[in-house]
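Written out below as C-alpha cells is the structure these notes cover.
The values are calculated or read from the model by the stated rules, or taken from the named source; none is laboratory data. Please read these numbers as outputs of a predicted model, since none were measured by experiment. FYI the Cβ positions are ideal-geometry reconstructions off the backbone, even for glycines, and counts take in every protein chain you see.
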Amino acid sequence: MRSKLFGGILLIAGTSIGGGMLGLPIATAQCGLFNSCLLFIACWLYMTFTSLLILEVNLCFPRNSNMISMARLTFGKPVELIYWSLYLLFLYSLVAVYIAGGQDVMRGLLQLMHFSIPLWTCGIIFVILFGSIVMAGIRHVDIFNRVLMMIKMSAVLLLMLSVIPHIDPKNYFEGKMIYVLPAITVALTSFGFATIVPSLRAYFNDDHVKLRIAIIVGSFIPLVCYIAWNASIFGLVPMQGDFGLTRLIHLDQPITGLLDSIMHYASSNNVHLLSRVFTSICVLTAFASVSLGLSDYLADGFSISRKGRGEIFILAATFLPPLLIVMFYPKAFIFFLSLAGVFCTILLGLIPAAMSWHCRYVQKLNMPYQVTGGKDSLILTILVSILIILIATYELLLG
C-alpha cells in the first residue's frame, strides 16, 4: 500500500509540474520573489481545498464517475453540457499554450543551427512532428513521457544548482504586491492536478484517508518546486534592464526571452545546455499529455471511431483550432495560460464548491468523507472563485 501511496503522490505532482512552470517567472516578473511565494502558497491552499471537495463529491457517487458525470448527477443535464463545453475550451486553451511554447522553443533551436524561418512555420513543424506521437496513442505517449520526465526533473535540479553562484541577493527585494493580480490565473493553472482525483479514487479503492494524504503531499511538491524555480530565476535575473524580467511579458517569444536572460547572467555552457533541455522537455511533455487528453475527449464526446476518416477528423479537431489561433495571435503563450486559469477556477474551484453544497445541504447525501469547514468554507470558496474570475476577466480584457 505504501508503494501505491507513493505512486499516487507522484501522479499528483507530475500532473502539476509541466509547461506552466515556464510561465511562472514570466507572469510573476513584476511581483518579486516574496510576493510570488505568497501567491503560490495561496493558490496551493485554494486548489488543494477544492481538490478535497472534488474527492468528497466523487465518493458520493458510483466509482468511475468523472467530473462531467458528477456535474450531471448533482445538477442535471444542462449543467453537464455547460461543464463539458467549458472543459473542452479549457483543454483547447492549454493546447494553444503548448503550441505557442513549442514554436518558440523550436525557433530558438533552429536559430542556433543558423536557420531563420517564420514563427508560424515553426508552429506547423512542431505540431506535425510531435502531434504524430500523440495520435499514435497512449502507449507511445506514455513511453515518450516517462523518458522525458526523468530527464526534465534532472535538468531542472541541475539548472537551479548551476545558477546559485550567479545569484545576486539584491534582486530578491524588487517587485510590488499589486502585480500579483494579473498572475493569479497562471499560478492556479500550474496547480491544476484536480482533474485526476476521480481516477485516483479507483486506484486507491475508495480509501479516502490515503487519497487525502496523496492530494496534500502530492500538491505540496509542486509548491516547493515553483518557489525554488522562481527563487533561482529572480535571484539570477534582475527585474529591469535589457535582459530583465519585466521585458518578457511583452515579447512574442517569452520562453526564448527567458532563456536569453538566463544565459546572459549565467554565461556557462552547462547553464546554456540545461536551460535548453529543460524548457524544451517541459513544453513537449505538457503538449503530449494535454493533446492526448483532448483527442480522447473529442473522440468520446462525439462518439467517433479512431480509425480511417474518424482518425483524420480527430487529428484536425485536436490541432487545427489551437494552431490557427497561435498563428494569428503571436502573444498566445501567457494569454492562453491566463485564460486556462479562468476555466480552471470555474471547473476545479467554483463548480466543485457548488456541488459539495448541493450534495451536503440540498440532496443531503450519505457522505463517506466530508471536508472540514462547514458552510462558511464553501461560501468563502465560492466568493473567492467569483472574485478570481472577475479579476482575471478584467485583466484579460485590459491586456
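Suppose the filter is within 16 Å of GLU56 (Cβ to Cβ), surrounded by 15 or more Cβ atoms within 10 Å (Cβ to Cβ) and in contact with a Phe, Trp or Tyr (Cβ under 6 Å, 6 or more places away or on another chain); does LEU365 pass it?
No: the conditions fail for LEU365.
How about the stretch 92-107: which of its residues are crowded, with 24+ Cβ neighbours inside 10 Å and aromatic (Phe, Trp, Tyr)?
TYR98, the sole residue that qualifies.
Given the conditions (1) without any contact (Cβ under 8 Å) to a residue 12 or more places away in the chain; (2) within 19 Å of VAL97 (Cβ to Cβ), which single one is not true for MET150?
Answer for MET150: the failing condition is (2).
Could you tell me whether ASN58 is surrounded by fewer than 21 Cβ atoms within 10 Å (Cβ to Cβ) and within 25 Å of ALA299 (Cα to Cα)?
Taking the combined requirement at face value, the residue does not satisfy it.
In the list SER132, SER219, SER162, which residue meets the criterion of being polar (S, T, N, Q) and modelled with pLDDT under 90?
After ruling out the rest, the residue left standing is SER132.
For the structure I just gave you, tell me whether SER305 is out of contact with any strand residue (DSSP E or B) (no Cβ under 6 Å at 6 or more places or on another chain) and not in a helix (DSSP H, G or I).
yes
Give the residue that is nearest to PHE343 (Cα to Cα), with candidates limited to residues of the stretch 190-216 that are of a type in the set (A, V, I, L, M, F, W, C) and modelled with pLDDT of 90 or more.
PHE191
Checking the structure you have, find out if any residue of the stretch 248-255 is at pLDDT 90 or above and not in a loop (DSSP other than H, G, I, E, B).
no
Quick check: anything in the stretch 112-120 modelled with pLDDT of 90 or more, hydrophobic (A, V, I, L, M, F, W, C) and out of contact with any Leu (no Cβ under 8 Å at 6 or more places or on another chain)?
No; the residues of the stretch 112-120 include none that is modelled with pLDDT of 90 or more, hydrophobic (A, V, I, L, M, F, W, C) and out of contact with any Leu (no Cβ under 8 Å at 6 or more places or on another chain).
Scan the stretch 260-299 for residues that are outside any helix (DSSP H, G or I), in contact (Cβ under 8 Å) with a residue 60 or more places away in the chain and surrounded by fewer than 19 Cβ atoms within 10 Å (Cβ to Cβ) and jot them down.
Across the stretch 260-299, the qualifying residue is only SER268.
For residues that are more than 21 Å from VAL134 (Cα to Cα) and surrounded by fewer than 22 Cβ atoms within 10 Å (Cβ to Cβ), scanning just the stretch 300-341, find the one that is farthest from the chain's Cα centre (by Cα).
Looking at the filtered set, the residue picked out is PHE328.
Answer yes or no as to whether SER132 is part of a helix (DSSP H, G or I) and in contact with a helix residue (DSSP H, G or I) (Cβ under 6 Å, 6 or more places away or on another chain).
no
Every residue in the stretch 327-340 that is within 19 Å of THR121 (Cβ to Cβ), out of contact with any Phe, Trp or Tyr (no Cβ under 8 Å at 6 or more places or on another chain) and of a type in the set (A, V, I, L, M), please.
ALA332
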